[in-house]
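The values are calculated or read from the model by the stated rules, or taken from the named source; none is laboratory data. What you see is a predicted model, and the numbers here were worked out from it, not measured in a lab. Quick reminder, even Gly has a Cβ in these numbers, built from the backbone with ideal geometry, and neighbours come from all protein chains shown. Note: areas computed on protein heavy atoms with side chains; ligands, DNA, RNA excluded. Shrake-Rupley method; radii C 1.70, N 1.55, O 1.52, S 1.80 Å.
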Amino acid sequence: MPHYNYIARTQSGEKEEGNKYSENKKSLARSLRKKDLTLISAEHEEKGDQGFSFNLSFFGVSLQDKLMFTRNLRVMIGAGMPLPRSLRVISSQVDSKKLKEAIKGMAKRIVKGDEFSETLRDTGIFSDLYCSMIEIGEETGNLETVLKNLAFHMKRTHDMKSKIKGALIYPAVIITAMIGIGILMLVMVVPQLAETFKELDLELPATTRFVIGLGGFLSSNFLWVALVFIGLIALFRWVLNTDAGKKAFDSVILKVPIISSIVIKTNSASTVRTLGILTSSGVPIVRSLNIISDSLSNFYFSKAIRESAENVKKGANLSESLAPHQVYPSLVIQMLKVGEETGETSEVLDKLADFYESQVTRSTKNLASIVEPILMLLIGGIVGFFAVSMIQPMYSMISAL
């Protein structure tokens, strides 16, 4: 992990110099703010390994690995085992090399006096939500309960993502197989049939000429076509990483039938579940909303939460602040208002999260049942077009005999 020499300013205006390991300058500034310091400048310094090396940073850490880490740590903390020892024991049990090295580094730093939440944040592995809740657990001395809430939240998130991925796997496999088989037919079978038609000197229909032309083009330019295809995928990913591209894509997604419903319900479930856990753990509402805005995948949901946080900071209610954005369902707004009026916001949010998570499950099942017949019709149409295009000249030749 990069090592930075930094200059920061205290709230009283005094300069403070120091050095710190951090994933990047943004992460460094965020960790300094926790100490009421404002980053002025930071210079990267190459240093030897001091227990926090991430040569495998290309490989991410799965949500399941982080869930198991959280569960095991909660059990050990609850049993009264010291935190550094707990981390060393867990590091010998995890499979992820990146997480293993990170845990070992955290244990060494905690022994030297660093805070657990700070070491977590510096790894770049754990989300701001995770680190903020651990920080609350350290401040209140209730780390075990916080870890329990985190494990519950991560389990719910993992289940919801698994259901969505499961619904998409079937159509993805079918479409990939269909494209692969189609390319093989065009490259290997069609040119041979084209030679046969040429020898027989047959007059070919327009559809047959199109299929033969497409097959010949792919056979002659297969490498270039593959490179262009890969380039388009890379370009698409790059565009999605830009603010304008992300905004445009999320806008289109919210207008696609069926898909938009799943996106709305997923973001609603994630928002209310996370907000309920954060507020019940003692995280201030404005800080909770800022954390949630960074965790949401859709630009418009993130924007609604971020702008609502500014209004709440000025004294407005969350339900009133979210309503004008018109991205969250009216049920979310109404239930938030009920929670604000009764003072039982956390309980209301938990029940609302359960409702939307069940809705996501139902929607993904409906998606699978709708996509299957559409795929069958699509495959049948393509196969029928190909078959008719290639058989029609043969039928005409037989009829002429």
- Item | Selection status of P284, within 25 Å of E135 (Cα to Cα) and surrounded by fewer than 15 Cβ atoms within 10 Å (Cβ to Cβ) | yes
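Taking L322 as the residue in question, decide whether it is aliphatic (A, V, I, L, M), within 30 Å of L289 (Cα to Cα), in contact with a Lys or Arg (Cβ under 8 Å, 6 or more places away or on another chain) and open to solvent by less than 30 Å² (accessible area, probe 1.4 Å).
Details: aliphatic (A, V, I, L, M): yes; within 30 Å of L289 (Cα to Cα): yes; in contact with a Lys or Arg (Cβ under 8 Å, 6 or more places away or on another chain): no; open to solvent by less than 30 Å² (accessible area, probe 1.4 Å): yes.
Criteria not met by L322.
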- Message: Anything in the range 294-310 that is open to solvent by less than 10 Å² (accessible area, probe 1.4 Å) and farther than 12 Å from L322 by Cβ? List them, or say none.
- Response: N298
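Between F152, F217, which is modelled with pLDDT of 80 or more, more than 30 Å from V283 (Cβ to Cβ), open to solvent by 50 Å² or more (accessible area, probe 1.4 Å) and not small (G, A, S)? Write out each step before concluding.
Values: F152 fails: more than 30 Å from V283 (Cβ to Cβ).
After applying the criteria, what remains is F217.
In the set V189, V228, which member is under 14 Å from F386 (Cα atoms) and either touching a residue at least 60 places away in the same chain (Cβ under 8 Å) or surrounded by fewer than 15 Cβ atoms within 10 Å (Cβ to Cβ) (or both)?
Working: V228 fails: under 14 Å from F386 (Cα atoms).
One residue alone meets the criteria, V189.
In the range 241-279, which residues are within 20 Å of A316 (Cα to Cα) and over 15 Å from the mean Cα position of the chain (by Cα)?
Here is the first cut: in the range 241-279, the ones within 20 Å of A316 (Cα to Cα) are 271-272, 275-276, 278-279.
The answer is V272, L275, G276, L278, T279.
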- Task: Please find, within the range 192-211, the residue that is most open to solvent (accessible area, probe 1.4 Å) out of those that are under 16 Å from V388 (Cα atoms) and charged (D, E, K, R).
- Result: E203
- Six or more apart or on different chains, Cβ under 7 Å: which pairs go from a residue in the range 83-108 that's without any contact (Cβ under 8 Å) to a residue 60 or more places away in the chain to one that's open to solvent by 30 Å² or more (accessible area, probe 1.4 Å) and aromatic (F, W, Y)? Could you list them? K98/F59
- Kindly indicate the residue of the range 192-224 that is touching a residue at least 60 places away in the same chain (Cβ under 8 Å) and assigned to a helix (DSSP H, G or I) and also farthest from the chain's Cα centre (by Cα) among those meeting that condition. L200
- First in the range 161-185 and free of Cβ contacts under 8 Å to residues at least 60 places away in the same chain, second anywhere and in a helix (DSSP H, G or I) and surrounded by 13 or more Cβ atoms within 10 Å (Cβ to Cβ), Cβ under 7 Å, 6 or more apart: I183/L218
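Is it fair to say T361 is under 23 Å from Y300 (Cα atoms) and touching a residue at least 40 places away in the same chain (Cβ under 8 Å)?
Details: under 23 Å from Y300 (Cα atoms): yes; touching a residue at least 40 places away in the same chain (Cβ under 8 Å): yes.
Answer is yes for this residue.
Restricted to the range 325-334, and to residues that are assigned to a helix (DSSP H, G or I) and without any contact (Cβ under 8 Å) to a residue 40 or more places away in the chain, which residue is most open to solvent (accessible area, probe 1.4 Å)?
Quick first cut of the range 325-334, residues assigned to a helix (DSSP H, G or I) only: 325, 330-334.
Narrowing further to those that are without any contact (Cβ under 8 Å) to a residue 40 or more places away in the chain: 325, 330-331, 333-334.
Working: H325: 56, S330: 76, L331: 59, I333: 29, Q334: 107 Å².
Filtering the range 325-334 for residues that are assigned to a helix (DSSP H, G or I) and without any contact (Cβ under 8 Å) to a residue 40 or more places away in the chain, the one most open to solvent (accessible area, probe 1.4 Å) comes out as Q334.
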- The condition from (1) closer than 30 Å to R71 by Cα; (2) open to solvent by 90 Å² or more (accessible area, probe 1.4 Å); (3) among the polar types (S, T, N, Q) that N241 misses is numbered (1)
- Message: Every residue in the range 335-382 that is touching a Pro at 6+ places or on another chain (Cβ under 9 Å), open to solvent by less than 80 Å² (accessible area, probe 1.4 Å) and at pLDDT below 85, please.
- Response: L367, A368, V371, L375
